[in-house]
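Input: a single structure, listed below in structure tokens.
The values are calculated or read from the model by the stated rules, or taken from the named source; none is laboratory data. All values reported here derive from a predicted model rather than from experimental measurement. Please note: Cβ atoms are built from the backbone with ideal geometry, for glycine as well, and neighbour counts cover all protein chains shown. Ligands, DNA and RNA are stripped out before the accessible areas are found, and what is left, the full protein with its side chains, is counted by its heavy atoms. Shrake-Rupley method; radii C 1.70, N 1.55, O 1.52, S 1.80 Å.
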Amino acid sequence: MDLPKQYDPSTVEERLYRRWEENGYFHEEPDPARPPFIICMPPPNVTGRAHLGHGSTYTPMDVLVRYHRMRGNNADWLPGLDHAAIATEAVVIKDLAREGISREDLGRERFVERAWDWSRTYGGAIESQFRVLGFGPDWDRSRFTMDEGLSAAVRSLFVRLYREGRIYRGRRLVNWDPRGQTTVSDAEVDRVDRDATLWHVAYPLRDDPRRSIVVATTRPETILGDVAIAVHPDDERYAGLVGSHVLVPPLLERAIPIVADAAVDRSFGTGAVKVTPAHDATDYDIGTRHNLPMPSILDQQARITGAEIAVGPYDGMDRYEARKRIVEDLRRDGRLVKEEAHRMSLGVSERTGDTIEPMLSLQWFVRMEELAKPALDAYHSGKLRFIPERYGRTYEQWLENIRDWNISRQLWWGHRLPVWYAPDGAPVVAETEEEAREIALRDFGTDVLVRDPDTLDTWFSSGIWPFSILGWPESTTELQCWYPSQVLITGGDIVFLWVARMVMLGLHVMGELPFPDVFVPPMVFDAQGRKMSKSLGNAIDPMELAKQYGADAFRMGILRQMRLEGQEIRFVESRCEEARNFNNKIWNAMRYVLTLAEGLPGARILPKTQSLTIADRWILTRLHDTILAVESAYDRYDFGSAADALWRFVWYEFCDWYLEATKIENNLPTRGAVLSFVWNNAMRLLHPIEPFITEEVWLAIPHDGKTIMTAAWPDPEEVPVDRDAAAAFESVQRAAERLRNLRAEMGLQPREPLTLETPANVPAQAAALLGHFAAASVEAAPAAGDTLEDALAALRARAPRELLEGRYTKEVTRLAGEVERLERKLSNEAFVAKAAPDVVAKERAKLEGYRLEQKSVQSALDALTDSVA
């Protein structure tokens, strides 16, 4: 078979991927007779585009599924897309704004239709990008979280949890996005450091207005909602004030108590804090413990409102306008003690960029404490494992401090709550409107119902992903065979937001963990350790890398930078360039293998052991050890070590040493058979990481089956091992490297003549190999030493005297000229007087170096004889 001179991934990758997909090679059916290996793809947002983080997270999934498929497991990678409620709604609203239309102008029904149209037309581009990167999930089983089947599963879960008493409606503190007009989860809140001001405000004591307690705050507008001042119970500064009252400034003069609470940080500000339970999480907890009132002073547009408590002249103002006015009034009344610059972490909506307001709101919640206990027990018992382990501590800490989960969102795109309300406001929860009317008639004597307008938090549908995509609540064959999956691979930033919720819901609904292992790959940063972003100009598009170097090179490039315990990848693009060179090395090796005059026999046909050369025995031993090393690395999720082991075997051991060894064995019948066997196994070993080039090579050599994807994983038991022969070959390698260094020291080019005086006790095969590797002729010499290593250490090399004499003479002359030039320069008093001391010192050091080098070469020239050791 004739192969092109150069490997061009652009002519290979698209063609092969189309072949794989058209032939259904990614698809699998449940088979109880084989061990399952299932990975549920973390569903990327329908609005998403591939980035380097997908490379480090999704490439390992593809690698593992390909690996386990080759091992004969019932392996499948289940893909899907998340409807990304906030992101999709924002995109559609922007599109409407360009047309001069608002969401409200369109109405809910038409808006949802528009969101569906957008999702079908523009969404899911990331799936095409995944194909370019060689990712091979079972596309026939791809799911969308808004599919009817998954939507039915979401409704079923909501109704079940509600009827169990685990879902309730209540007024609690939530993250409110004033611009997006919805609650958002912690995952959708970015913490950003910003410059701010810390205002110190004096609250006068009610019973003695001449005295006051000073409180520091970054949000003066929330003074309007203060219901207490809190101090630490052990803070002696305020011990005598606990139980007394202060007046809320400015203008309001409302009396509030001073309470003691251990949540107060004595080192912040003055050690006394204002308590506004309706607008701060810590304050909410303090308010709950002390049974304090919780009035809201902000409406959904983040404007001051006096609906629940008197707010004086600030009613109706925007939060920032009110802040400014309140500071002015505090300053006027002498209540502003001081202002100081302050750096603070601020919660910002990931989608709209607006500052999040903690706010009391009537929402739907899931009670989490009882769900969390079995999930914690699973981790503590070792049934649930995190790799690296530090993420287990993140999981543990969140579950131990868990709060009830706000699951309602004020959006139109998403799973609408299966909740209706009777005329008196009583909720009716049912999977369908028909069922809701039946319940309402039975319980309330009416079927007049109003549907709750809210939708569910996207994480609610994501939390049942491992079993909803298998057909739950129906008892499907997939659910019976493929739940639980074997490993979850996901980012460390959503361990508590997604992983913990899947574990809790999996245990509660299915009675079993959704996966035993959670592998968290390192995050990807630039070479300087910075997060990649468009604003910094350091973002790298994986699609561009795949286009420039090939998808295989991108995959190998990023995996080689992964380390099992590493917290980050400092991505260096040159690794992709190196991987492209690696693939060119494979291609050139393939072209050489196909030119063998004897041809290639069947891939599993090996000559009898006694006819194998020491080079054959060495490469087979190395193949055996590499198989075991790669298997071990995959089994412990150490993808960087697997990539390094394969790189070393293919590039250095097979291409650089073994192929070179075969060039002196033209008449040996073992060559073609061993090459065919080893090369076939090497491509199968490499396939999970580099699927395209391995398929192209595999199709060109003797093989079984139609695709390398379904070929058997190499079996180390089929590979003969000869440790003694391997050690002998490695002794030859070390000797060859010494001789190559000697050539460099003597200034001999690779093809200039060199003769080896080889002790007679060096076996003929080893001597021939050594001569070939060192590009030298071999002459017999007396035996030396007791071992091959000793004998090789005693060999001598010589080059023609006239060649070395001319070269040494020329070098001595050159060095003498350098010495003379520097001696003249340094004897010039004007130079020494005017030049900087460090310049003079450097010149003296160079002179000394040239003198020593001249002496060394002159000694070699003087000692030159017919042989050179």
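Summary of values
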| read-out | value |
| --- | --- |
| Evaluation of Ala579 against (1) open to solvent by less than 40 Å² (accessible area, probe 1.4 Å); (2) of a type in the set (A, V, I, L, M); (3) in contact with a Pro (Cβ under 9 Å, 6 or more places away or on another chain); (4) at pLDDT 95 or above (one fails), failing number | (3) |
| Residue in the stretch 458-471 that is part of a strand (DSSP E or B) and not β-branched (Val, Ile, Thr) present | no |
| Condition check for Val857: β-branched (Val, Ile, Thr), surrounded by 16 or more Cβ atoms within 10 Å (Cβ to Cβ) and at pLDDT below 85 | yes |
| Filter result for the condition that a residue is free of Cβ contacts under 8 Å to residues at least 24 places away in the same chain, of a type in the set (D, E, K, R) and out of contact with any Phe, Trp or Tyr (no Cβ under 9 Å at 6 or more places or on another chain), over Glu737, Glu757, Glu717 | Glu717 |
| Within the stretch 102-182, helices (runs of 4 or more DSSP H) holding 3 or more residues that are under 18 Å from Ala85 (Cβ atoms) | 103-106, 108-121, 148-163 |
| Top-ranked residue in the stretch 288-319 [being in contact with a strand residue (DSSP E or B) (Cβ under 7 Å, 6 or more places away or on another chain) and without any contact (Cβ under 8 Å) to a residue 60 or more places away in the chain; ranked as surrounded by the most Cβ atoms within 10 Å (Cβ to Cβ)] | Thr305 |
| Boolean, Glu690 is open to solvent by 10 Å² or more (accessible area, probe 1.4 Å), out of contact with any Ser or Thr (no Cβ under 8 Å at 6 or more places or on another chain) and either modelled with pLDDT of 95 or more or on the phi > 0 side of the Ramachandran plot (or both) | no |
| Lone qualifier among Ala661, Ala643, Ala682 - being under 24 Å from the mean Cα position of the chain (by Cα) and on the phi < 0 side of the Ramachandran plot | Ala643 |
| Residue, farthest from Pro691 (Cα to Cα), within the stretch 54-81, restricted to residues that are open to solvent by less than 10 Å² (accessible area, probe 1.4 Å), touching a residue at least 60 places away in the same chain (Cβ under 8 Å) and part of a strand (DSSP E or B) | Gly80 |
| Looking only at the stretch 417-433, and only at residues there that are free of Cβ contacts under 8 Å to residues at least 40 places away in the same chain and crowded, with 18+ Cβ neighbours inside 10 Å, the one that is nearest to Val159 (Cα to Cα) | Val428 |
| Test result for Arg343, among the basic types (Lys, Arg), more than 39 Å from the chain's Cα centre (by Cα) and either under 22 Å from Leu198 (Cβ atoms) or surrounded by 14 or more Cβ atoms within 10 Å (Cβ to Cβ) (or both) | no |
| Residues of the stretch 532-550 classified as within 27 Å of Arg131 (Cβ to Cβ), open to solvent by 90 Å² or more (accessible area, probe 1.4 Å) and outside any helix (DSSP H, G or I), total | 1 |
| Selection within the stretch 14-37 - under 14 Å from Ile708 (Cβ atoms) and assigned to a helix (DSSP H, G or I) | Leu16, Tyr17, Arg19, Trp20 |
| Any hit, the stretch 389-403, residues being open to solvent by 50 Å² or more (accessible area, probe 1.4 Å), farther than 30 Å from Tyr320 by Cβ, free of Cβ contacts under 8 Å to residues at least 40 places away in the same chain and assigned to a loop (DSSP other than H, G, I, E, B) | yes |
| Restricting the stretch 712-746 to residues that are open to solvent by 10 Å² or more (accessible area, probe 1.4 Å) and under 30 Å from Asp138 (Cα atoms), the residue that is nearest to the chain's Cα centre (by Cα) | Trp713 |
| Every residue from the stretch 158-173 that is surrounded by fewer than 23 Cβ atoms within 10 Å (Cβ to Cβ) and in contact with a Pro (Cβ under 8 Å, 6 or more places away or on another chain) | Val159, Arg169 |
| Selected residue [more than 21 Å from Leu330 (Cβ to Cβ), without any contact (Cβ under 8 Å) to a residue 40 or more places away in the chain and of a type outside the set (A, V, I, L, M, F, W, C)] from Gly180, Gly240, Gly165 | Gly240 |
| Residues located in the stretch 501-520, provided they are of a type outside the set (Lys, Arg) and open to solvent by 10 Å² or more (accessible area, probe 1.4 Å) | Leu507, His508, Val509, Met510, Gly511, Glu512, Leu513, Pro516, Asp517 |
| Matching residues, the stretch 651-683, being surrounded by fewer than 23 Cβ atoms within 10 Å (Cβ to Cβ) and more than 22 Å from Thr609 (Cβ to Cβ) | Trp651, Tyr652, Cys655, Asp656, Glu660, Lys663 |
